[in-house]
Amino acid sequence: MSIVKRNNLVFPALMNEIFKPDWFGGVETSENNLPSVNIKESEINFELALSVPGYDKKDFKVEVDREVLTVSAEVINEEVKKDETFTRREFSVKSFKRAFTLPNTIDAEGIKANYESGILSLVLPKKEEALPKPKRLIELS
């Protein structure tokens, strides 16, 4: 008697894709090295915080094209000393790319980014019409 191993990867992969928790309709391009993101909403803006230690400010590319916010980075370390010979050398490349579909309540022109202590912070302000309106008393005539 032989043991037959079944490959049931299609169904779990499909279910993970369908029920994947991501916000703003995020698109993940590489699941192995995708940074974690925290998203917080206040009355006036959204704040995204990506955990990306080991990068420099110059490594990041943050852009908005139509209603899609894309955050990416790539670092290629090709330091080679002339006097060394390698039996094996694995190139050091680290990169990621995350894309978020923005709601139409975001003011794309006002987005600000900051990188400090391994956290890439993005502030996405809401448009004026999306901000909460203060209460007003309407007098009866």
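Okay, here's what the table says:
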{"read-out": "Residues satisfying the stated conditions in region 88-102, i.e. at pLDDT 90 or above and part of a strand (DSSP E or B)", "value": "Phe96, Lys97, Arg98, Ala99, Phe100, Thr101"}
{"read-out": "Region 13-42, subset within 13 Å of Leu124 (Cβ to Cβ) and assigned to a loop (DSSP other than H, G, I, E, B), residue modelled with the highest pLDDT", "value": "Ser42"}
{"read-out": "Residue within region 129-137 that is among the small types (Gly, Ala, Ser), open to solvent by 40 Å² or more (accessible area, probe 1.4 Å), touching a residue at least 24 places away in the same chain (Cβ under 8 Å) and within 23 Å of Val68 (Cβ to Cβ) present", "value": "no"}
{"read-out": "Region 108-127 residues that are of a type in the set (Phe, Trp, Tyr), paired with ones that are open to solvent by 40 Å² or more (accessible area, probe 1.4 Å) (beta carbon under 6 Å, 6 or more apart)", "value": "Tyr115/Lys57"}
{"read-out": "Residue check, Asn7 modelled with pLDDT under 90, out of contact with any Gly (no Cβ under 9 Å at 6 or more places or on another chain) and in a loop (DSSP other than H, G, I, E, B)", "value": "yes"}
{"read-out": "Residues satisfying the stated conditions in region 44-80, i.e. touching a Pro at 6+ places or on another chain (Cβ under 6 Å) and either farther than 18 Å from Lys112 by Cβ or at pLDDT below 90 (or both)", "value": "Ser51"}
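The values are calculated or read from the model by the stated rules, or taken from the named source; none is laboratory data. Model, not experiment: these values are computed from the prediction. Here Cβ is always computed from backbone atoms with ideal geometry, including for glycine, and neighbour counts include all displayed protein chains. Side chains included, ligands, DNA and RNA excluded: accessible areas come from the protein's heavy atoms. Shrake-Rupley method; radii C 1.70, N 1.55, O 1.52, S 1.80 Å.
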